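Structure first, then comments.
Values quoted throughout were computed directly from the atomic coordinates according to the rules given, and no laboratory measurement underlies them. Remember, it's a predicted structure, so these values are computed and weren't measured experimentally. Here the Cβ positions follow ideal geometry from the backbone for every residue, glycine too, while neighbour counts run over all protein chains shown.
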Amino acid sequence: MRVEDALRGVAHLGLDTTPVVYFVEGNPEFHARCVPFFAAIDNREIEAITSTITLPEALVHPLRTGDASRATAFRTLLLATQGITTVPLTVVIAERTARLRADYNLRTPDAVQIATALLSGCDAFLTNDEKLKRVTELRVIVVTDLTL
């Protein structure tokens, strides 16, 4: 699927951790496929939503390696970027997470991300986890499926 086609009709985009990591770290294989999504966020063409679970997932490697500038880049993107809302876990999200785990046998972090996107009114969810395509309540866009 072409990136332009994936973006079509998306006003609110759920973000999984992997596209955030690819974008911040400049991943050689996937960065270019993620740039148009973050450009659309930056240009206020779409609003991005992610769970606070993205922060610890993204920070693990920079904290482990002592890369303070990369940790700051993740914090800035997730907590101080207009156009990206980082939503804390609530009881309502936790309940929806449990339902998604029961229905789709998802791991808890994945179910939290999807529940957050669904309850935030997202039109699509950007990930690189092929298994999340089995969720039928939300259009799942997988980075490896995208072409420029």
task: Extending each Cα 7 Å along its Cβ direction at Thr76 and Glu137, get the distance between those two points in nm, one decimal.
output: 3.6 nm
- prompt: Tally Lys and Arg at +1 and Asp and Glu at -1 over the other residues with C-beta under 11 Å from the C-beta of Glu57: what net charge comes out?
  reply: -2
- prompt: Under 5 Å between amide H atoms, partner at least 5 residues away or on a different chain: which partners does Ile49 have, H built in plane at 1.01 Å?
  reply: Leu13, Gly14, Leu15, Thr85
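Can you sort Leu77, Leu126, Leu59, Leu118 from fewest to most other Cβ atoms within 10 Å of each residue's own Cβ? Working shown, then result.
Numbers: Leu77 22, Leu126 28, Leu59 16, Leu118 19.
Ascending number of Cβ neighbours within 10 Å: Leu59, Leu118, Leu77, Leu126.
With +1 assigned to the C-beta of every Lys and Arg and -1 to the C-beta of every Asp and Glu, and no other charges, what is the dipole magnitude of the range 3-145 about the Cα centre in debye, to the nearest 20? Before the final figure, lay out each step's value.
Numbers: 14 positive and 18 negative charges, 70 e Å.
My answer is approximately 340 debye.
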field: Average Cα contact separation per residue, the range 1-107, under 8 Å, 6 or more apart, as relative contact order %
entry: 26 percent
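Quick check: residue separation of Glu45 and Leu119 times 0.36 nm, minus the Cα distance between them. What number comes out in nm? Walk me through the numbers on the way to the answer.
Values: separation 74, 0.36 × 74 = 26.64 nm, distance 2.03 nm.
Here the segment from Glu45 to Leu119 would lengthen by 24.6 nm.
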- request: For the range 36-44, just list the computed ³J(HN,Hα) in residue order, Karplus coefficients 6.51, -1.76 and 1.60, θ = phi - 60°, integers in Hz, with x standing in for Gly and Pro.
  value: x, 5, 6, 5, 5, 5, 4, 7, 6
statement: What one gets for the chain as the Kirkwood radius, inverse of mean 1/r over different Cα pairs in Å, is 15.3 Å
field: Order of Asp103, Asp110, Asp129 - criterion: other Cβ atoms within 10 Å of each residue's Cβ, fewest first
entry: Asp103, Asp129, Asp110
message: List the residues, sorted by chain then number, that are 5 or more residues from Phe30 or on another chain and whose placed amide H is less than 5 Å from its amide H.
response: none
message: With a cap of 12 neighbouring Cβ atoms within 10 Å, and only residues DSSP puts in a loop, list the trypsin sites (Lys or Arg not before Pro) found in the range 7-54.
response: Arg8, Arg44
- prompt: Per-residue HN-Hα couplings for the range 59-75, Karplus 6.51 cos²θ - 1.76 cosθ + 1.60 at θ = phi - 60°, whole Hz, x for Gly and Pro?
  reply: 7, 3, 5, x, 5, 5, 9, x, 8, 5, 5, 5, 4, 5, 4, 5, 4
query: Quick one: Karplus J couplings for the range 24-29, per residue in order, coefficients 6.51, -1.76, 1.60, θ = phi - 60°, nearest Hz, x for Gly and Pro?
result: 5, 8, x, 3, x, 8
- request: Can you pull the one-decimal nm distance between simple spin-label points at Asn105 and Val35, each 7 Å off the Cα toward Cβ?
  value: 3.9 nm
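List the trypsin sites (Lys or Arg not before Pro) within the range 96-148 that fall in a DSSP loop (any state other than H, G, I, E or B) and whose Cβ has at most 13 other Cβ atoms within 10 Å.
Values: sites: Arg96, Arg99, Arg101, Arg107, Lys131, Lys133, Arg134, Arg139; in loops: Arg107.
Answer in residue order: Arg107.
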statement: So, with points 7 Å from each Cα along the Cβ direction, the Asp5-Val91 label distance in nm works out to 4.4 nm
field: Fraction of the pair-distance distribution of the range 7-73 above 20 Å, Cα-Cα pairs, percent
entry: 31 percent
